[in-house]
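Chemist: Here it is, the structure, as structure tokens.
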Amino acid sequence: MSRSRVVIALLAVLVAILLQTTVFGAGRIQPLGVAPALVTLVVIGVAQEVESEYLLLIGFTAGMLMDLIGSGTLGLWAMTLTAVAYAAGRLRGRLREGPLNVVAIVFGLTVASQFLYVLLGTLFGQGTISEPNVLWKIVLPGVWNVILAIPVFWVLGKAFGTQRQSWAV
Amino acid sequence: MFSSSGRRIDRVTILFLSLVAVGFVVATFDVRSSGGGTSEVLREGTQSIFTPFQKGVDFVTRPAVAFVDGVSNLAGLREENERLAIQVRELESQVQATDALEEQVVQLEAISGLAAPGELATVTARITASGPSAFDNVRFIDKGSKDGIVAGQAVIDEDGLIGRVDIVSANAARVRLITDPIVSVGVRVLSTNETGIVTGRGDGPLRLEMFRAKEAVQRGDRVVTDGSRFPPGIAVGTLSATTEAEVEFVLRGEVDPAARLSEIDYVIVVIGWSPIDAGFLDGEDQTSDAVPATTSSTSTTSTTSETTTSAGDGG
């Protein structure tokens, strides 16, 4: 494992957080009022490029940064994105098997991560599950992430200098 | 292949469980400390690091984002235009009624010897970023302590209350919106002049609770800040529903925020109003009233009452 790959992965996460809070921030590009979960998508994409141990640490770091910038309880996104990283590491082989698998995994993991965050938020007293439109906030990021997976995975492939399958390009 | 080595799977799983455990401990610690202490320092530090980059990305991408946003909203512009035209007509009639009331207020002030209302000092700021997920109710603005902003100050726009300053660095600040579940605002219903508390629900309408209500409230009643934490008279919203209208007990209702929180670009921070020194954090009992930096009320004030009320002091 090259250290440069870990550094690239961390940079990708940082860029994703910056874009998430600006370009996809409130009042900006939010189709139907909900933005894609770009950081989650990057963690899934990075799963194909770094080993599982590093992937877990990257997921945890990404989540902790989101917690520090966001308004929720510290540690909730850290747990959530660590779980995403763990699942993405397990499923990385299937990610290479074709576009349908990519759609299913990206949608499934994104929706699962949003749902897990809602559960954790409720467990830690944020009352997230009782928010209006919570279902939209869970499902729509999954849809947008499926659409964004093509450009994001292409950019990640270029950044890591890896050759992707034709469906991902 | 990943699954070919049982030993390696164990190592990864152990690391995963360890990180989850760390996250759990951090979350528990954060809840215990009410977001203060080390958590607050970490948040401030992270914000200070990210803010310049967020400002840069916002500056570079804003034209393109505005274009995409405009195209995507084209279909709704006509409907919005019609709605605004109706609103303008309604407001014009309200202005006429308000002019007469203002004249009465001036006369009453002259009789009672009260000081004439004046302007509180404000700072206009631009929103540069928002929270990283759909569940965050924060915005980042491009003005900070160098401009006189301190934590706790009211943040408004032309429509009404947006939130309060949460974390401040030298050149930026974080605003926690009134829709955040931990934000409570002491309010007054204009039609009855009785006080209560509105609390965020994460999204959509705010929850209104009035514990000592003697008069029923109606849908459409305007709700303003009561002066217990923020300057009095700032529009908070309009009553959209009452779920339990039990007079002399607890009135519960929903309030549609006056400000269009999802579409704000610029905000005004009211710096001429001193936030409460003690009981500042949400959820803490607050027994003292705010002390205005000037002896006047805000220009948006429609009531001149400075009544202290424990019912509205939720934060």
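Chemist: Return the residues of the range A:128-147 that are open to solvent by 40 Å² or more (accessible area, probe 1.4 Å), within 16 Å of B:PRO205 (Cα to Cα), assigned to a helix (DSSP H, G or I) and not hydroxyl-bearing (Ser, Thr, Tyr); say none if nothing qualifies.
Modeler: Result: A:ILE129, single match.
Chemist: Does the range A:77-96 include one or more residues that are open to solvent by 60 Å² or more (accessible area, probe 1.4 Å) and in contact with an Asp or Glu (Cβ under 6 Å, 6 or more places away or on another chain)?
Modeler: Filtering the range A:77-96 down to residues open to solvent by 60 Å² or more (accessible area, probe 1.4 Å) leaves A:90, A:94, A:96.
Checking the rest, the ones that are also in contact with an Asp or Glu (Cβ under 6 Å, 6 or more places away or on another chain) come to none.
No; the residues of the range A:77-96 include none that is open to solvent by 60 Å² or more (accessible area, probe 1.4 Å) and in contact with an Asp or Glu (Cβ under 6 Å, 6 or more places away or on another chain).
Chemist: While we're looking at this one, here's another question. Quick check on this structure: which one of A:GLY121, A:GLY125 is modelled with pLDDT under 95, in a loop (DSSP other than H, G, I, E, B) and more than 17 Å from the chain's Cα centre (by Cα)? Explain how you work it out, then say what you get.
Modeler: Working: A:GLY121 fails: in a loop (DSSP other than H, G, I, E, B).
Result: A:GLY125 is the single residue among A:GLY121, A:GLY125 that is modelled with pLDDT under 95, in a loop (DSSP other than H, G, I, E, B) and more than 17 Å from the chain's Cα centre (by Cα).
Chemist: Could you tell me how many of the residues in the range B:201-211 are within 14 Å of chain A (Cβ to nearest Cβ) and either part of a strand (DSSP E or B) or modelled with pLDDT of 90 or more (or both)?
Modeler: 2
Chemist: Another question, then. Yes or no: B:GLU254 open to solvent by 20 Å² or more (accessible area, probe 1.4 Å), within 14 Å of another protein chain (Cβ to nearest Cβ) and out of contact with any strand residue (DSSP E or B) (no Cβ under 8 Å at 6 or more places or on another chain)?
Modeler: no
Chemist: Run A:GLY72 past the list (1) of a type outside the set (Val, Ile, Thr); (2) outside any loop (DSSP other than H, G, I, E, B); (3) facing another protein chain (nearest Cβ under 8 Å) and report the number of the one that doesn't hold.
Modeler: Unmet for A:GLY72, out of (1) of a type outside the set (Val, Ile, Thr); (2) outside any loop (DSSP other than H, G, I, E, B); (3) facing another protein chain (nearest Cβ under 8 Å): (2).
Chemist: Next question. For B:ALA154, which of the numbered conditions (1) more than 14 Å from every other protein chain (Cβ to nearest Cβ); (2) open to solvent by 10 Å² or more (accessible area, probe 1.4 Å); (3) in contact (Cβ under 8 Å) with a residue 40 or more places away in the chain fails to hold?
Modeler: All conditions pass for B:ALA154, except number (2).
Chemist: Here's something else I'd like to know. What number of residues within the range B:189-211 are open to solvent by 10 Å² or more (accessible area, probe 1.4 Å) and of a type outside the set (Lys, Arg)? Spell out the reasoning first.
Modeler: First pass over the range B:189-211, keeping only residues open to solvent by 10 Å² or more (accessible area, probe 1.4 Å): B:190-195, B:197, B:199, B:201, B:203-205, B:207, B:209, B:211.
If we keep only those that are of a type outside the set (Lys, Arg) as well, we get B:190-195, B:197, B:199, B:203-205, B:209, B:211.
Total meeting the criteria: 13.
Chemist: Here are some conditions: (1) modelled with pLDDT under 90; (2) open to solvent by less than 10 Å² (accessible area, probe 1.4 Å). A:SER166 meets all but one. Which one does it not meet?
Modeler: Of everything listed in (1) modelled with pLDDT under 90; (2) open to solvent by less than 10 Å² (accessible area, probe 1.4 Å), A:SER166 misses just condition (2).
Chemist: Count, please, the residues in the range A:125-163 that happen to be within 14 Å of another protein chain (Cβ to nearest Cβ), of a type in the set (Phe, Trp, Tyr) and within 14 Å of A:LEU38 (Cα to Cα).
Modeler: Residues flagged as within 14 Å of another protein chain (Cβ to nearest Cβ), of a type in the set (Phe, Trp, Tyr) and within 14 Å of A:LEU38 (Cα to Cα) within the range A:125-163 amount to 1.
Chemist: Something else: Hey, among the residues in the range A:11-30 that are among the small types (Gly, Ala, Ser) and more than 7 Å from chain B (Cβ to nearest Cβ), which one's nearest to B:ASP58 (Cα to Cα)?
Modeler: Going residue by residue through the range A:11-30, those that are among the small types (Gly, Ala, Ser) are A:12, A:16, A:25-27.
Within this subset, residues satisfying the condition of being more than 7 Å from chain B (Cβ to nearest Cβ) are A:12, A:16.
On the way: A:ALA12: 18, A:ALA16: 14 Å.
In this case the residue turns out to be A:ALA16.
Chemist: Right, here's the next one. Could you check A:ASP67 against (1) surrounded by fewer than 24 Cβ atoms within 10 Å (Cβ to Cβ); (2) assigned to a helix (DSSP H, G or I); (3) more than 13 Å from the chain's Cα centre (by Cα) and say which number it fails?
Modeler: Here A:ASP67 clears every test but (1).
Chemist: Across the range B:217-231, which residue is modelled with the lowest pLDDT among those that are of a type in the set (A, V, I, L, M) and within 13 Å of B:ALA241 (Cβ to Cβ)?
Modeler: Selected residue: B:VAL217.
Chemist: Do you know which residues across the range A:36-53 are facing chain B (nearest Cβ under 10 Å) and in a helix (DSSP H, G or I)?
Modeler: Hits for the range A:36-53 are A:LEU38, A:VAL39, A:THR40, A:SER52, A:GLU53.
Chemist: For the list (1) at negative phi; (2) modelled with pLDDT under 95, I need the number of the one condition that A:ALA112 fails.
Modeler: For A:ALA112, the exception is condition (2).
Chemist: So A:GLY33 fits all but one of (1) within 8 Å of chain B (Cβ to nearest Cβ); (2) without any contact (Cβ under 8 Å) to a residue 60 or more places away in the chain; (3) open to solvent by 10 Å² or more (accessible area, probe 1.4 Å); what number is the exception?
Modeler: Among (1) within 8 Å of chain B (Cβ to nearest Cβ); (2) without any contact (Cβ under 8 Å) to a residue 60 or more places away in the chain; (3) open to solvent by 10 Å² or more (accessible area, probe 1.4 Å), A:GLY33 violates only (2).
The values are calculated or read from the model by the stated rules, or taken from the named source; none is laboratory data. What you are looking at is a predicted structure, and each value in this text was computed from that prediction instead of being measured. Neighbour counts run over all protein chains shown; Cβ positions are idealised from the backbone, glycine included. Side chains included, ligands, DNA and RNA excluded: accessible areas come from the protein's heavy atoms. Shrake-Rupley method; radii C 1.70, N 1.55, O 1.52, S 1.80 Å.
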